[in-house]
Amino acid sequence: MKPARVLAFTRKEVLEIVRDPITVSVALFMPLVILFLFGYALSFDVENAPLIIVDHDKSAASRALSDQFLNTTYFRLVSAPDDERVAEHALMQGRARAVLSIPPDFGRRLARGEAAPVEFLVDGTYASTAAIVSAYGRAIMYAFPNGTLQLPVQPEVRVWYNPQLRSRDFIVPGLFAVILMAFPPLLTALAVSREKELGTIAQIYASPLTKPEFIIGKLLPYAAIAALQLAVVLATGFLWFKIPMHGSLGLLVALGLLYVLCTVSIGLLISTLVRTQVAAMLVTLVVTLMPSFLFSGFIYPIFTMPAFFQAYSAKIPTMYFVNISRGIVMRGAGLAELWTNVAVLVVYTVVVLTLATLLLKKRIG
């Protein structure tokens, strides 16, 4: 391998990229679009859940319990009918997410020191939301200022790493991995397939450029663009979304650069398997974007998946960078805790680059 030839070929690639500023602009702009869309739209927090209160007791104690629900940001009062059927009908229509039903003897039972059962109905159509709303309701009732509604054992629960339970602090670090898996492979695969469609790649085939030199020459400029994408999404996540950083930013950047090398390598591998830009786009989306959303642990915890899909997730590099990103950002983890994920990414990158080189050799030869 001759460095001079690699640099010359890399320079040729850089000139082609510079002559196409629209592609570069889109490459840097689209990650921001995805980051803002998911950063704001995708949330597991529940606020202002529509609540209906049916107070059959009309006592000071029942009003105090109602106020306990409404003095939070979790619930907002939709209506307060006297008939249970009206509340159930509203729940059926989707106009409410929960119904608090207080029995007629609620205040008297509390005054006598007896147990005072309260019914809390939750719409389970959206299972994840229902679980959160149900937990909010139980927590509010357990905290009601009367011993009869409290648990026999008073738990002291502390949440580490995300004490405010803000879903954005969990989602945005995961988006770093998903975005960097979506766009760098697509750009690389489209660039090579475009040369195949135009026929200009035949000039490279006829040149003395070796196969490793071709792969490295293609890798470097698009890895540089991917590094810019990394800088853009990290800056936006920390400066705009105010994601707290508990670990080393330098370590996150260094491992992010390793990850973008891996993702660009995947694009090169795909480009050796397809001939057209349409095929490159479709294959890249199926191979990278879809698995990154569904099987990387970005949204759904991997330990909840069936064994087959857990094994499939282990073959997706996004899963390892999700672990790295969230580990550094949320838990302050270092290499001692993350080295297995880093090792997998290194091996993955080497294997993918080797396969791309071998398959390109078969194409040329």
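Residues are listed down the side, and each one gets a yes or a no for (1) assigned to a loop (DSSP other than H, G, I, E, B); (2) at pLDDT below 80; (3) over 25 Å from L35 (Cα atoms); (4) more than 15 Å from the chain's Cα centre (by Cα):
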position	(1), (2), (3), (4)
P152	yes, yes, yes, yes
P155	yes, yes, yes, yes
R158	yes, yes, yes, yes
Q164	yes, yes, no, yes
V178	no, no, no, no
A182	no, no, no, no
L187	no, no, no, yes
S193	no, no, yes, yes
K196	no, yes, yes, yes
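Take V133 and tell me if it is in contact with a Lys or Arg (Cβ under 7 Å, 6 or more places away or on another chain), in a helix (DSSP H, G or I) and either of a type outside the set (F, W, Y) or modelled with pLDDT under 85 (or both).
Details: in contact with a Lys or Arg (Cβ under 7 Å, 6 or more places away or on another chain): yes; in a helix (DSSP H, G or I): yes; either of a type outside the set (F, W, Y) or modelled with pLDDT under 85 (or both): yes.
So V133 passes the test.
Being over 34 Å from the mean Cα position of the chain (by Cα) and either under 28 Å from R108 (Cα atoms) or not basic (K, R) (or both) narrows it down to one of S25, S43, S62, so name that one.
Values: S25 fails: over 34 Å from the mean Cα position of the chain (by Cα); S43 fails: over 34 Å from the mean Cα position of the chain (by Cα).
Exactly one residue qualifies, and that residue is S62.
Those residues that are of a type in the set (S, T, N, Q), farther than 20 Å from F214 by Cβ and surrounded by fewer than 18 Cβ atoms within 10 Å (Cβ to Cβ), I need them from segment 253-305; list them, please.
Residues of segment 253-305 that are of a type in the set (S, T, N, Q), as a first pass: 263, 265, 271-272, 276-277, 284, 288, 292, 296, 304.
Cutting the leftovers down to farther than 20 Å from F214 by Cβ gives us 288, 292, 296, 304.
Scanning segment 253-305 gives a single hit, T304.
Can you pull out the helices (runs of 4 or more DSSP H) entirely within segment 1-116 that have at least 2 residues that are touching a helix residue (DSSP H, G or I) at 6+ places or on another chain (Cβ under 9 Å) and modelled with pLDDT under 85?
Working: elements: 3-18, 21-41, 60-70, 84-93, 106-111.
Once the helices (runs of 4 or more DSSP H) in segment 1-116 are filtered for at least 2 residues that are touching a helix residue (DSSP H, G or I) at 6+ places or on another chain (Cβ under 9 Å) and modelled with pLDDT under 85, what remains is 3-18, 21-41, 106-111.
Would you kindly identify the helices (runs of 4 or more DSSP H) lying entirely within segment 249-319 that contain at least 2 residues that are of a type in the set (K, R)?
Numbers: elements: 249-273, 277-284, 290-294, 307-313.
It comes to none.
For segment 336-357, which positions are closer than 13 Å to A314 by Cβ, more than 22 Å from the chain's Cα centre (by Cα) and either among the polar types (S, T, N, Q) or surrounded by 13 or more Cβ atoms within 10 Å (Cβ to Cβ) (or both)?
none
Among the numbered criteria (1) under 22 Å from the mean Cα position of the chain (by Cα); (2) over 23 Å from F293 (Cα atoms), which single criterion is violated by P317?
(2)
Which of the residues spanning segment 75-125 are more than 19 Å from K58 (Cα to Cα), exposed (fewer than 14 other Cβ atoms within 10 Å of the Cβ) and acidic (D, E)?
none
Consider A61 carefully, then state whether it is surrounded by 15 or more Cβ atoms within 10 Å (Cβ to Cβ) and closer than 18 Å to A130 by Cβ. If you could, list the steps in order and put the result at the bottom.
On the way: surrounded by 15 or more Cβ atoms within 10 Å (Cβ to Cβ): yes; closer than 18 Å to A130 by Cβ: no.
In short, no.
The values are calculated or read from the model by the stated rules, or taken from the named source; none is laboratory data. It should be emphasised that the depicted structure is a prediction, and the values quoted were computed from it without experimental measurement. A quick note on method: Cβ atoms are made from the backbone with ideal geometry, for glycine too, and the neighbour counts reach across all protein chains shown.
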